[in-house]
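Asks: First the structure, which I've put down as structure tokens, then a few questions once you've had a look.
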Amino acid sequence: MSEYKEYLQRKPKLAEGRKMKWVAWVLTAVVLILVGMMRRPELKFALPEGVEFSFLPPIHAALNTIVAMALMIAVMAIKAKKVVLHKRAIAVAMTASVLFLLCYVAYHFTTMETIYGDFDKNGKVDDIELARVGIMRGVYLIVLFSHIVLAGVSLPFILYTWIYGMTNQFAKHKKMAKWVFPVWLYVAVTGPVCYFMLKPFY
């Protein structure tokens, strides 16, 4: 019997799944509250002298890239009915996402936010450059806004999809994954895009 058929024959763990759903909503609430709080200047934490987290943004981009690659491997694996590889790839994506979240929160709770276009402290930018920056800032804000909103909206559904897979509720897992996957992939890809667009202003 193939590993795919063997997994499909496993009995659903419904009680365990219900408990995990409650945890998913608690985690979602905690994450959204933290993200909402960390952008407020009065809530910034002062780091010890000589300590800073300015090295974290490229790590954020790298972790998001790992998530995107893992998701692509996961979807190709399950299409090939390689369940074990699929699970391992999803585990990598989940782990990288958790590490990203921890680094992201640590960075934004301790570091002032970098603003797109805020690179000229002396006003020495010509009108053409200002116009170009203005247009690109609009593009950046659209990408950033979609990234943040979809990340927040998709979080509980990513967790639900993972829970359905872990508790052998494969029909629900497959149905939800069809639309959760492209949203999660978009969030993972636009993370590095936002970083590289903002990089000149760090």
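Asks: Those residues that are closer than 10 Å to Val189 by Cα and modelled with pLDDT under 95, I need them from region 53-70; list them, please. Walk me through it before giving the result.
Replies: Restricting attention to region 53-70, the residues satisfying the condition of being closer than 10 Å to Val189 by Cα are 61, 64-69.
Matches in region 53-70: none.
Asks: Show the residue pairs that are 6+ apart or on different chains and have beta-carbon atoms under 6 Å apart, the first residue being within region 1-27 and touching a residue at least 24 places away in the same chain (Cβ under 8 Å), the second being part of a loop (DSSP other than H, G, I, E, B) and of a type in the set (Val, Ile, Thr).
Replies: Lys13/Thr167; Glu16/Thr167; Gly17/Thr167
Asks: Determine, yes or no, whether Gly152 is modelled with pLDDT under 95 and closer than 30 Å to Ala15 by Cβ.
Replies: Yes, satisfied.
Asks: Here's something else I'd like to know. How many of the residues making up region 184-202 are in contact with a Phe, Trp or Tyr (Cβ under 8 Å, 6 or more places away or on another chain) and within 19 Å of Val67 (Cα to Cα)?
Replies: 2
Asks: Can you report the number of residues in region 75-92 which are of a type in the set (A, V, I, L, M) and either closer than 18 Å to Val35 by Cβ or touching a residue at least 40 places away in the same chain (Cβ under 8 Å) (or both)?
Replies: 4
Asks: Looking only at residues in region 79-114 that are among the small types (Gly, Ala, Ser) and surrounded by fewer than 17 Cβ atoms within 10 Å (Cβ to Cβ), which one is modelled with the lowest pLDDT?
Replies: The selected residue is Ala106.
Asks: Given the residues Ala29, Ala24, which is the only one that is under 23 Å from the mean Cα position of the chain (by Cα) and within 21 Å of Ala74 (Cβ to Cβ)?
Replies: Ala24
Asks: Let me ask something additional. Within region 166-180, does at least one residue satisfy the condition of being hydroxyl-bearing (Ser, Thr, Tyr), assigned to a helix (DSSP H, G or I) and in contact with a helix residue (DSSP H, G or I) (Cβ under 7 Å, 6 or more places away or on another chain)?
Replies: Scanning region 166-180, I find no residue that is hydroxyl-bearing (Ser, Thr, Tyr), assigned to a helix (DSSP H, G or I) and in contact with a helix residue (DSSP H, G or I) (Cβ under 7 Å, 6 or more places away or on another chain), so the answer is no.
Asks: Something else about it: Residues to consider are Phe45, Phe53; find the one that is in contact (Cβ under 8 Å) with a residue 24 or more places away in the chain, surrounded by 11 or more Cβ atoms within 10 Å (Cβ to Cβ) and not in a helix (DSSP H, G or I).
Replies: Numbers: Phe45 fails: surrounded by 11 or more Cβ atoms within 10 Å (Cβ to Cβ).
Among Phe45, Phe53, only Phe53 is in contact (Cβ under 8 Å) with a residue 24 or more places away in the chain, surrounded by 11 or more Cβ atoms within 10 Å (Cβ to Cβ) and not in a helix (DSSP H, G or I).
Asks: Another question about this same structure. Yes or no: Ile135 of a type in the set (A, V, I, L, M, F, W, C), over 26 Å from Asn168 (Cβ atoms) and either assigned to a loop (DSSP other than H, G, I, E, B) or at pLDDT 95 or above (or both)?
Replies: No; evaluated as a whole, the condition is false for this residue.
The values are calculated or read from the model by the stated rules, or taken from the named source; none is laboratory data. What you are looking at is a predicted structure, and each value in this text was computed from that prediction instead of being measured. A quick note on method: Cβ atoms are made from the backbone with ideal geometry, for glycine too, and the neighbour counts reach across all protein chains shown.
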